[in-house]
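Computed from the coordinates by the stated procedures, all read-outs in this text should not be read as laboratory data. The model shown is predicted, which means the values in this text are computed figures rather than measured ones. Using ideal geometry, Cβ is built from the backbone for each residue, glycine included, and neighbour counts are taken over all protein chains shown.
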Amino acid sequence: MRLHVVAGCLLAVSVACMGPGAIWLDRARWTSRAPRAAVVLWQAMGVTGALAAIGAGLAVAVARYGVGFRAGLEHLGAGLVDGHPLTGLGLPDALGLTLAADVAIVLVAVAVITMVRTVRARARHRMLVDLVSVETEQAAGALVLDHPKATAYCLPGIRPRIVISAGALRILRSSELAAVVEHERGHACEHHGLVMLPLTSLGEPLRWIPYARRAPVAVATLLEMAADDYSARQHDRRDLARALVQMGTAVTAPACAFAAGGTSVPARVQRLLADDPPARLMAGAVLGGAALLVVLPFAALLA
Amino acid sequence: MARLGELERKVMDVLWGSMETAMTVRQVAEKLPTYAYTTILTVLDRLQRKQMVRRTKDGRAHRYTAAASRETYTAELMLEALGAAPDRDAVLVRFAETVTESEAKVLRLALGGLGDGSDGTSTASAPKVER
């Protein structure tokens, strides 16, 4: 009985993380003042949302043994090995668990396929960049693509590449260029590619879940802010802000491609110009909250 | 490994330099005199497996051409980088997205206080520390 109550609570926690929690965090204004902590909170929400759902399923599965969670898990393990994991379950529980297991398997498979595709696409991109790019003294540490459109990006990987187009070199002054390269170096050093990989991999197949739909966009923006901060440690914030405006207004990509998402550039420019002191206290509180959130499902089941 | 990558670039440069005429291994090797014939052969073989290079038979010799021009590949990369390609998450979010015209106006105004940069005061300041 007690385990059924725990399962119900965990399910509620999972739904709260994936739905209203994600919507709240997406709308929150404070995140731009502590972008790194906010990213950790996004991650904690995702992990807790998944763990709590898994925990709820397990709790229901072991409740029938009536020996508590830990001992129940051992019984369940033995049942799985014997090939009769569903013995002793009522029909609704058995159906529910089977369905949950199937959904989990499909999700993992889809995520793995998407990740493999992303990693492959990155590998091809990396191979081409290495062969096609030229190195110039103008942009030390970056590979230059000879193309008139302005762009700059970091290609994630074990050895990340910072890529800048000739178009960007043309419109940026050297101080701005240095700030941009440092921004991309921030992405590389803090492994933002790894943060984004699971989010983008699960975001597409799970679009109907608010978390999966909102997290990739929100976290991408927060990571840009984190990289802005990284660059601002060594370069003038105003140089970076100016570079952002220059590049944002110079790119003449098809407007329809970006119209839907809305861009983070205005918010980032305002943030750079405002130059508020880092909100350390808030960041600490957010990190503490994130830690509590992740511990919650374990505590509920093992306590 | 890194040396091989560097050599791949050089070989591609040679092939891109003669897009119209396919080259034999010997012709490529002559353009890169510091490297042995067999090394060039290995690199061309690798590039062919990566589908960067096409090989055709010409009598007893093989001739090699770049599969596509440097500009084509650059365009492909830029397309991906600007998010117009279907697999847009291949690349990390680029530095700046396109802003709308009205946003641009507001932003230029906000930056107005900083000067338009034509004064040149902040040019040529190199990064303070190389990481």
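Below is a table of values for the structure above.
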read-out: Gaussian network model of chain A, springs between alpha carbon atoms under 10 Å - residue of A:Ala71, A:Ala243, A:Ala212 with greatest fluctuation; value: A:Ala71
read-out: Whole-number percent relative contact order across chain A, with pairs defined as alpha carbons under 8 Å at least 6 apart; value: 25
read-out: Relative contact order (%) - region A:69-197, alpha-carbon pairs under 8 angstrom, separation at least six; value: 16
read-out: Contour minus Cα-Cα distance for A:Ala94 and A:Asp82 (0.36 nm per residue); value: 2.7 nm
read-out: Contour minus Cα-Cα distance for B:Arg63 and B:Glu20 (0.36 nm per residue); value: 14.3 nm
read-out: Sorted by Cβ density within 10 Å, fewest first, the residues A:Asp228, A:Asp236, A:Asp276; value: A:Asp276, A:Asp236, A:Asp228
read-out: Shielding of A:114-122 by partner chains, average beta-carbon count, 10 Å; value: 3
read-out: Span from the region A:27-105 Cα centroid across to the region B:63-77 one, whole angstrom; value: 50
read-out: DSSP-loop GluC sites (Glu not before Pro) across region A:183-227, with at most 13 other Cβ within 10 angstrom; value: none
read-out: Label point 7 Å beyond Cα of B:Ala36 along Cβ direction - residues of region B:1-23 with amide nitrogen under 16 Å; value: B:1, B:4
read-out: Antiparallel bridge percentage (DSSP; both residues within chain A; nearest 5); value: 60
read-out: Helical segments meeting 24 Å axial Cα length and Kyte-Doolittle 0.0 threshold in chain A (DSSP H); value: A:35-63, A:91-132, A:210-232, A:280-302
read-out: Peptide A:148-155 - average C-beta neighbours from other chains (10 Å radius); value: 6
read-out: Label-to-label distance, nm, for residues given as A:Val108 and A:Val67 (7 Å Cα→Cβ offset); value: 2.4
